[in-house]
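Rule-based calculations on the coordinates, nothing more; no lab input. All values reported here derive from a predicted model rather than from experimental measurement. So basically every Cβ, Gly included, is an ideal-geometry build from the backbone, and we count neighbours across all protein chains shown.
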Amino acid sequence: MKRAKRTIKALLIAAAGVACCFGVPQAQAGTTITGAGATFPYPVYSKWAYSYNKDTGVRLNYQSIGSGGGIKQIKARTVDFGASDAPMKPEEMNKAGLMQFPMIMGGVVPVVNIHGIAAGQLKLSAANLADIYLGKITKWNDPRIAADNAGLKLPAEDITVVHRADGSGTTWIFTNYLTKVSSEWKEKVGNDKAVQWPVGLGGKGNEGVAAFVGKVDGAIGYVEYAYALQNKMASVLLKNRNGNFVAPTAGNFQAAAAGADWSHAEGYYMVLTDQPGANSWPITGASFILMYKQQARAVQAKEVLKFFDWSYRNGGKAAMELDYVPMPDAVVKMVEATWRHEIKDSAGKAIW
Amino acid sequence: MNQTNRKVWGDLLFRGLTALFAAGIAVIFFAMIVVLWQQSQPSIHKFGFSFLTNADWNPVLEKFGALIPIVGTLTSTALALLFAIPLSLGIALFLAELAPAWLRAPFGTAIELLAAIPSIVYGMWGLFVLSPLMADHVQPWLKAHFGFLPFFDGPCMGIGMLTAGLVLTLMIIPFIASVTRDIFLMVPQSLKEAAYGMGGTTWEVVRDIMIPYGKKGIAGAVFLGMGRALGETMAVTFVIGNAYHLSWSIFAPGNSIASTLANEFTEADGVVYLSSLIELGLVLFLITFTVLGLAQLWLRRSQGVKK
């Protein structure tokens with residue numbers, strides 16, 4: 001009898017504890033907003049979320065399950081927003097009732113492992129990069145590469161091409177660039193988050209590509225800018241649309257974004273690869289947020305937008321510390337105007 | 001009376017519970033087949049039987065074929081068994097028969113502990129330790145001496161089918177070796193002593209008494225290891241090279257079913273793409289099933305012959 005009483009008491013205490021944990025946040029400030037998608041912006045989103053939580057008490061629960069997963073989750077309405085590295089086509093968005101806007105930018109950087117060649121030494125033209133990935137240029141001392149690299153000693157080594165094995169927004173941006181600069185690539189391979197690679201090895205994630213490039217002599221791969229920088233990999237100089245050889249730097253990514261005409265891009269469907277401009281890095285890309293135009297839970301949707309607004313305004317420094325590129329102010333203004341006339345509650349009233 | 005009643009009820013309850021657990025396995029098994037079959041319908045519908053023989057894997061055009069992952073799965077597993085079976089038999093014999101008594105327990109435990117290492121650790125080790133070793137020493141040597149064979153062709157990258165096979169070897173040795181050791185220990189002492197008494201050498205006793213006696217158990221151990229090798233995911237993904245190219249060379253990168261799934265599932269957003277990946281899962285399920293079924297059949301038949 002005594003034991004039974006004690007058990008009941010313990011159960012009651014436990015129940016009270018559970019009620020505490022679940023009940024209080026609903027009653028008080030601690031709102032949680034949820035998102036899922038792209039892995040590429042995850043470090044910067046989580047840093048923003050941390051600072052935002054300290055400022056406002058609102059928590060962000062972001063699951064970096066990949067862009068494809070993010071699109072699936074937002075379509076199933078299990079999250080408040082989805083995130084994708086590849087922009088969604090306007091037709092597809094309209095069909096699903098979604099809208100998108102760019103949140104952060106970054107660049108994709110070809111990196112090499114050639115004996116005696118350091119970062120910023122090897123120059124590659126767009127055609128040569130495409131031909132390497134098509135398997136048409138197979139040696140580093142190929143005359144076509146040498147033509148751009150007078151004074152650089154190129155070894156007679158086999159080129160080992162490394163690509164991503166997993167589906168990835170990074171691959172989408174990279175193959176988008178190759179599709180634009182090489183008609184043969186466009187015909188034979190195409191542009192997607194995963195493609196049928198003509199040659200090479202596949203590494204899982206940026207770290208997998210980096211590891212293969214690091215281990216195999218004569219390898220070339222492509223990784224996100226932040227990854228190349230933090231791992232001190234030998235990046236190459238690429239010839240951009242204006243014919244200049246440019247280095248992958250934050251300034252050159254912004255140059256590519258600044259030249260882009262966002263105001264005429266329907267649904268922000270804008271790909272920043274191969275943009276004009278003297279300094280534009282040719283393989284630049286933006287990461288996008290997807291939300292429903294009609295929001296049944298207006299209060300929650302407003303919290304989400306407040307977080308992104310805060311991030312646009314206060315997140316630039318944190319982004320640059322992590323080697324991402326914040327969106328230019330002009331684009332931010334446009335995005336917030338879009339929120340105002342596109343995101344509505346169920347009564348049709350603007351939320352932002 | 002009360003006593004017997006309780007006993008009957010207790011027994012009934014116990015039997016019911018265990019039957020429920022056992023039925024659970026069967027239910028999960030069939031549910032898995034049904035779900036895999038259902039979810040892979042779009043792909044089965046679109047590609048039909050050619051899914052198994054097509055070497056294309058093109059997400060852009062949504063043209064998928066499972067040939068390369070199937071070949072990769074079978075090749076890496078075959079390589080692993082090729083190395084692991086003799087090594088494991090040797091280890092088991094040493095532990096059961098030849099090692100001094102004080103060495104057996106710690107050595108046996110060490111082997112069993114190898115089985116407890118998470119597979120991702122094997123993968124990392126394969127990528128950071130084994131693959132440079134393969135690229136710099138093993139593959140150049142093989143190429144210099146046996147390079148005329150198509151199996152040792154191509155650049156020595158250290159990443160590819162052979163390395164994947166070796167990592168798998170290491171992973172399945174603990175399973176095969178520890179089970180085989182237990183089987184060798186079960187060989188009746190009198191049989192062995194009789195054989196030694198007839199003047200047999202250790203090798204003869206092993207070959208003619210211990211291995212035939214434990215044949216069924218050893219085969220079971222091998223299939224246990226093979227099951228693990230067929231489905232191993234992370235360790236293989238790290239070192240197999242994840243490339244959709246067919247090649248005779250075991251230096252060349254390839255792909256296995258499990259590593260394809262691990263790599264591509266999260267980002268597969270087209271209906272046919274996702275369904276093709278699920279059909280790959282179904283194929284792996286069938287491969288494992290067929291292999292185990294054939295093994296059972298073979299065991300039963302070989303026993304029938306003995307009788």
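The fraction of Cα-Cα pairs per 5 angstrom bin, counted from 0 for the stretch B:219-307, comes to 3, 12, 17, 18, 18, 13, 8, 5, 4, 2, 1, 0 percent, rounded to whole percents. Of the beta bridges in the protein assembly as shown, as assigned by DSSP with both residues counted there, near 65 percent are antiparallel. Sorting B:Thr77, A:Thr34, B:Thr237, B:Thr266 from the fewest to the most surrounding beta carbons within 10 angstrom yields A:Thr34, B:Thr266, B:Thr77, B:Thr237. Backbone N atoms of the stretch B:156-199 closer than 18 Å to the 7 Å Cα→Cβ label point of B:Ala110 belong to residues B:170-179, B:181-182. The angle separating the long axis of helix A:169-181 from the principal Cα axis of greatest extent in chain A is about 40 degrees. Is the protein assembly as shown rounded, prolate or oblate when judged by the Cα gyration tensor, a ≥ b ≥ c being the square roots of its eigenvalues, rounded requiring a/c under 1.5 and prolate requiring a/b larger than b/c? Verdict is oblate for the protein assembly as shown. The relative contact order of chain A comes to 22 percent, based on Cα pairs under 8 Å that sit 6 or more residues apart. Backbone N atoms of the stretch A:88-124 closer than 14 Å to the 7 Å Cα→Cβ label point of A:Asn242 are not found in any residue. Exposure proxy shown here: for A:Asp158, A:Asp80, B:Asp136, the number of other Cβ atoms within 10 Å sets the order, fewest to most, as B:Asp136, A:Asp158, A:Asp80.
Only helices enter this figure: runs of n ≥ 4 DSSP H residues, each worth -39500 (n - 2.57), summed and divided by the residues of chain A, yield -13500 deg cm²/dmol at 222 nm to the nearest 500.
Distance from the alpha carbon centroid of the stretch A:272-286 to that of the stretch B:102-160 works out to 43 angstrom. Label-to-label distance for A:Arg340 and A:Lys302 is 1.7 nm, based on points extended 7 Å past Cα in the beta-carbon direction. Taking 0.36 nm per residue of separation and subtracting the Cα-Cα distance, full extension of the segment from B:Leu82 to B:Leu61 would add 3.8 nm. The 3J(HN,Hα) values that the Karplus relation (6.51, -1.76, 1.60; θ = phi - 60°) gives for the stretch A:337-342 are, in residue order, 5, 5, 3, 4, 9, 10 Hz. Gly and Pro appear as x.
Residues of the stretch B:167-183 with an amide N closer than 20 Å to a point placed 7 Å from the Cα of B:Phe151 along the Cα-to-Cβ direction: B:167-173. Helix A:298-314 and the long axis of chain A differ in direction by around 40°, with both axes built from C-alpha atoms. Applied to the stretch A:196-203, the Karplus parametrisation 6.51 cos²θ - 1.76 cosθ + 1.60 on θ = phi - 60° returns per-residue 3J(HN,Hα) values of 8, 5, x, 9, x, 10, x, x Hz, with x for Gly and Pro. Kirkwood's formula applied to the C-alpha pairs of chain B gives a hydrodynamic radius of 22.3 angstrom. With the simple model of a label 7 Å out from the Cα in the direction of the Cβ, B:Phe128 to A:Ala147 spans 4.3 nm. Using θ = phi - 60° in the Karplus curve 6.51 cos²θ - 1.76 cosθ + 1.60, the 3J(HN,Hα) couplings for the stretch A:247-253 round to 9, x, 9, 4, x, 6, 5 Hz; x is entered for Gly and Pro.
Can you give me the relative contact order of chain B as a percent, contacts being Cα pairs under 8 Å and 6 or more apart?
On the way: 380 pairs, mean separation 82.2, N = 307.
Computed value for chain B: 27 percent relative contact order.
Mean-square fluctuations from a GNM of chain B, with a 10 angstrom spring cutoff on Cα atoms, peak among B:Ala110, B:Ala80, B:Ala92 at B:Ala110.
Here the Gaussian network model covers chain A, with springs between Cα atoms less than 10 Å apart; of A:Pro276, A:Pro326, A:Pro102, A:Pro276 fluctuates the most.
Membrane-span-like helices in chain B, defined here as complete DSSP H runs extending at least 15 Å along the helix axis by their C-alpha atoms with mean Kyte-Doolittle hydropathy no lower than 1.6, are B:67-93, B:161-185; this is a sequence and geometry rule, not a statement about a membrane. Model label points for A:Ala76 and B:Ala22, set 7 angstrom from Cα along the Cα-to-Cβ axis, are 3.6 nm apart.
Considering only B:Pro155, B:Pro42, B:Pro106, the mean-square fluctuation computed in a Gaussian network model of chain B, springs between alpha carbons under 10 angstrom, is largest for B:Pro106. Spatial offset of the stretch A:112-177 relative to the stretch B:258-276 amounts to 28 Å, using the alpha carbon center of each.
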